[in-house]
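First comes the structure, then the notes that go with it.
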Amino acid sequence: MALITKAPRGTQDFVPAESAKMRYIEDTLMHIGELHGFGEIRTPTFEHTELFVRSVGDTTDVVQKEMYTFEDKKGRSITLKPEGTAGAVRAALERGLLAEALPVKLSYITPCFRYEKAQAGRYREFHQFGVELFGAKSSAADAEVIGLADLALRTLGVESIKLFINSIGCPNCRPKFQQALKDYFGAHYDELCPTCQERLERNPLRILDCKEERCHELAEHAPIVLDYLCDECRDHFEELKKRLEAMGIAYEVDPTIVRGLDYYTKTVFEFKTETIGAQGTVCGGGRYDGLIELMGGQSQPAVGFGMGLERIKLVMEACGAPLPEEPRCDVCLVPLGTEASVRCSVLAESLREAGFVAETDLMERSLKAQLKYANKIGARYTMVIGDSELAAGAARLKNMDTGEEQEVPFAELEEALLRREADRLYDEIVDAQLDGE
Ligand code: ATP
Ligand code: MG
């Protein structure tokens, strides 16, 4: 197929029916963020490459293999953002947000770009909902952020998702664990994939995250990070577990979770499902107490997560969670002739001003073809307007679900629709209550 009629590999279009679902997911997530006091931050789609190399870490898959990096016309190295945290931290520092009252709570919806092997649930352009909480070191902050993700997933009606948590320690206790990993994997050097052989010296923790089968098998018997935590990290982890229990949030401790990005300390977590195949991690996050200082700010603790929206939508579809359709047309005005068409346009516009989804013929169709179209777009009501209706200033409003018709003066159309809408909602509520009994 010609290049110009095919979207680049790993990207996708969202046609109106799909966008309606994505928008609902995004609105719900941002709203849950607001309920927790998170304000939206919007950062550029591209940043200086150096920002990601420094913050995400040059031993990670993201930086080594996955970034969309190019030179702009002045020869500067630019990268399309592969994740949301680095930009949010950069913006918070640049705009002095951390000098204000702490904690600073930020949320965002952003496209992310990674040059990956495209497959179901793994794309080269995808979208993330993310939150970042700066300035709080207590386990209460970890619990609040995990609670936010949990409430978001419950609100969306997502089922069969499990929370896995782990602690990967801090710069005080991690070196001992890294040495233990080096010793263990070093003894199996020849069995490691070439990438992990490289990782062994510089960042052995990453080997735990490798998706190659043999590395994964070896990782299952590797030393366990929780055995190496210092007192502070262990207390933090124990407190978090107590808090999650008190909040009624079920979790499982999984010592192999290390997260794909370098900047994490202490708590790391993932929400995973088995309902959408191999790419089952819908949300990943954790604490990154070292990142703000690494980026040139004053040392500040931080915790956050990123949630993949395409994967959320896949899970929702897989478990039959309610997803909205495109907004349904409330009323379709069906004109017969030019004069009626003008009148219908005017009427439709005033109905829209009153908040109704109103449509009228733009195709100069026959009566029959117009009614067929009204059916196709699922209009709740139709009103056929010809010369005699124009003269009378009234026409028959037809309920397309029941077939009922009633004469309504044009001047009372809004009111009539409102009354019917109220009746319909009332019936819906009564039905729902009867169902519940
Ligand atoms: P994975 O292990 O699946 O590669 P990751 O560790 O690279 O994930 P993060 O960088 O933590 O993922 O990103 C947070 C979330 O963003 C993931 O949990 C996932 O839901 C989503 N995500 C990551 N990469 C992709 C992708 N290529 N396509 C779609 N969603 C993605
Ligand atoms: Mg990845």
Quiz item: How far apart, in nm, are two points set 7 Å out from the Cα along the Cα-to-Cβ line at Glu245 and at Ile377?
Solution: 5.8
Self-check item: For the chain: relative contact order, % (alpha-carbon pairs under 8 angstrom, 6 or more apart)
Solution: 15
Quiz item: Given a 1.4 Å probe and every protein chain left where it sits, what share in percent of the accessible area of the chain is carbon and sulfur?
Solution: 50
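How many Å² of accessible area per residue for the chain, probe 1.4 Å?
About 52 Å² of surface per residue is accessible.
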Quiz item: Distances over 25 Å make up what percent of all Cα-Cα pairs in segment 319-437?
Solution: 25
Quiz item: Listed highest first by mean packing, meaning other Cβ atoms within 10 Å per residue, what order do 200-207, 92-99, 309-316 come in?
Solution: 309-316, 200-207, 92-99
Quiz prompt | Label-point separation in nm, Arg396 to Ala422, each point 7 Å along Cα→Cβ | solution = 2.6
Practice problem: Report, in deg cm²/dmol and to the nearest 500, the calculated mean residue ellipticity at 222 nm for the chain, where each DSSP H run with n ≥ 4 adds -39500 (n - 2.57) and the sum is divided by the residue count. | Solution: -12000 deg cm²/dmol
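How much length is gained if the chain between Glu415 and Thr11 is pulled fully straight, taking 0.36 nm per residue apart and subtracting their Cα-Cα distance, in nm to one decimal?
Extra length from Glu415 to Thr11 when fully extended: 140.9 nm.
How would you order 116-128, 268-280, 357-369 from highest to lowest mean count of nearby Cβ atoms within 10 Å?
268-280, 116-128, 357-369
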Quiz prompt | Estimated FRET transfer efficiency when R0 is 22 angstrom, pair Glu116-Lys162 (beta carbons, to 0.05) | solution = 0.35
Quiz prompt | Förster radius 56 Å - calculated FRET efficiency between Ser366 and Leu151, Cβ distance, rounded to 0.05 | solution = 0.60
Quiz item: Taking N as the number of residues in the chain, what value does Rg over Cα atoms divided by 2.2 N^0.38 Å take?
Solution: 1.25
Practice problem: Measure off 7 Å from each Cα along the Cα-to-Cβ vector at Glu317 and Asp231, then give the distance between these two points in nanometres to one decimal. | Solution: 5.3
Exercise. For segment 28-130, restrict the atom set to alpha-carbon positions and state the Rg and Dmax in Å.
Key: 14.9, 44
Quiz item: So what is the relative contact order of segment 322-393, in percent, for Cα pairs below 8 Å that sit 6 or more residues apart?
Solution: 48
Exercise. Consider a paramagnetic label point 7 Å from the Cα of Ser388 along Cα→Cβ; state which residues of segment 394-408 have an amide N under 20 Å from it.
Key: 394-399, 404-408
Quiz item: Membrane-span-like helices in the chain: DSSP H runs reaching 30 Å or more (Cα, own axis), mean Kyte hydropathy at least -1.0?
Solution: 413-436
Practice problem: Pop the C-beta distance of Gln197 and Ile224 into the FRET formula with R0 = 22 Å and round what comes out to the nearest 0.05. | Solution: 0.50
Exercise. Determine the relative contact order of segment 101-140: mean sequence separation of Cα pairs under 8 Å and six or more apart, normalised by residue count, in whole percent.
Key: 49
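The values are calculated or read from the model by the stated rules, or taken from the named source; none is laboratory data. Since this is a predicted model, take the numbers as computed values, not measurements. Counting neighbours? That spans all protein chains shown, and the Cβs are built from the backbone with ideal geometry, glycine included. Accessible surface areas use protein heavy atoms only, side chains included; no ligands, DNA or RNA. Shrake-Rupley method; radii C 1.70, N 1.55, O 1.52, S 1.80 Å.
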